[in-house]
Every structure is written in structure tokens, then in C-alpha cells.
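Engineer: Starting off with a structure, shown below.
FYI, it's all coordinate maths here, none of it is from the lab. Note that this is a predicted model, so its numbers are computed, not measured. Because the Cβ atoms are built from the backbone with ideal geometry, glycine has one as well, and the counts that use them run over all protein chains shown.
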Amino acid sequence: MVEKQFLIDDFKLGESWRLFKIIGEFVDGVETLHELGPAVSIFGSARVGPEDPTYQTAETLGGMFARNGFAVITGGGGGVMAAANKGAAEAGGSSVGLNIHLPHEQVPNQYANICIEFKYFFVRKVMFLKYASAYIALPGGFGTLDEVFESITLIQTQRIRPLPMILVGTDYWSGLLDWIRQNLQKRGVISSGDLNIIQVIDDPAQVVQAVKGALKI
């Protein structure tokens, strides 16, 4: 019984120290980003290379947003994230990488001139949402879908302001949106106006204008 109690006490102590680590990540994020100014969070696949049109679109978007006075926030890794950071940095803007420690794939890219390291996904997600004035999603995998749906849910439930949620790439996103209409909207498990949260835009210049228009800039 004594040995068991020691194990329980050790577990509690470990959990308590984990809370301090979580708080520390929040503090680092807030201290680094609280004076960032207008920003957009750009999501997308880590697995596309410079020859991919999605990478090129992300790089163009990063540059356009930077030249229009926006900081660009990404997950700090490769692919779309590196491209958006590259575009922003080369345009002279604030290029933010919120890097997450993962066993595979996630290596910080060289283009983020503001970089924060995270262990906890949920802390990182708060930073994506708290400091952005719009959320831009390019083609990506499960991580991108997670970020998209979390943003939509928080807007839908009025936990955050109704900021622009823009999906870039009609060919990529149209199947998912059709599925939502057929399986969620028709069954009444989402409200008829919930899809109005989402915009689908292909042209980078129109994406930037949509964000500026929504924010009245």
C-alpha cells in the first residue's frame, strides 16, 4: 500500500509540473505575439514542395498579405507553412512560425523571423486563433482539417469573433463542402446559415481583398 501511495503521489506531482509547462507555453506565446498587429493564420499541408501549385499559391499569399500590412502566422513547418512564411519574409513582413514538436515531419522552416516552439497542440491552436484577423486554409491533411473545423466551430458557437474563414482551392474543397451540404445541412445537424461562415476563393488577390473588406481596411 505504501509503494502504491508513492506511485500516486509521483503521478500527481508529474501532473502538477505539466500544468506549469502548459502555462509557460501560454506565457511565451502571449509575450511574443501581443504586439504583432493585424495578422492572418495560414494553414495547409507540410508535404508539398516548391514545384507544387499549392506551395506557389501559399508563397504568393504570404507576400501579398505582408505587403498589405498583415503579419503571417503558420505552423512553422514545411510545405504550405514554409511557403507562406517565405512569401511574408521576402516581402519584408512579420513571418511567424508556431512550431510543434512531433516525431515525424515537423522541422522548423528557415523563413519564420518570429518562431515559437510548442509541445502542446491546444496551446498552439490558441495562438493561431487569438492573434489572427482571418483564417486561410490551403489544401492539407488531417492537421489542416482539424484547424479548419475548430475555427468554424468557434465562430459558429460565438466563442470567437466572426472573422473570415477562407478555403483556397475550389477543386480541393468542393467535395468536402458537398458532403457537408448533403450529410449535415440536409439532416439538420447544422443550421442553414452555418456554411456562410466559409468562403471559397481561388485567386490570392481576391483572398486578400476579402479579408481587407471584412475588416474594413
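Engineer: Quick query: amide H of Phe70 versus all other amide H atoms, modeled in the peptide plane; which residues come in under 5 Å with a sequence gap of 5 or more or a different chain?
Structural biologist: Placed amide hydrogens put nothing under 5 Å from Phe70.
Engineer: Here's another thing I want to ask about it. How far apart, in nanometres, would the label points at Asp194 and His34 be if each is projected 7 angstrom from Cα along the Cα-to-Cβ direction?
Structural biologist: Between Asp194 and His34, the label points sit 3.5 nm apart.
Engineer: For a protection proxy built on the mean count of beta-carbon atoms within 10 angstrom, sort 95-102, 175-182 highest first, please.
Structural biologist: 95-102, 175-182
Engineer: Round to the nearest 0.05 the FRET efficiency obtained for Asn113 and Tyr172 when R0 = 35 Å and r is the Cβ-Cβ distance.
Structural biologist: After rounding, the FRET efficiency stands at 0.75.
Engineer: Using +1 on the beta carbon of Lys and Arg, -1 on that of Asp and Glu, and nothing else charged, what's the dipole of the chain about the Cα centre, debye to 20?
Structural biologist: Values: 18 positive and 22 negative charges, 129 e Å.
Taking the Cα centre of the chain as origin, the dipole is about 620 debye.
Engineer: For the chain, what number results from the quotient of the Cα radius of gyration and 2.2 N^0.38 Å?
Structural biologist: Relative to the rule-of-thumb radius for its length, the chain sits at 1.11.
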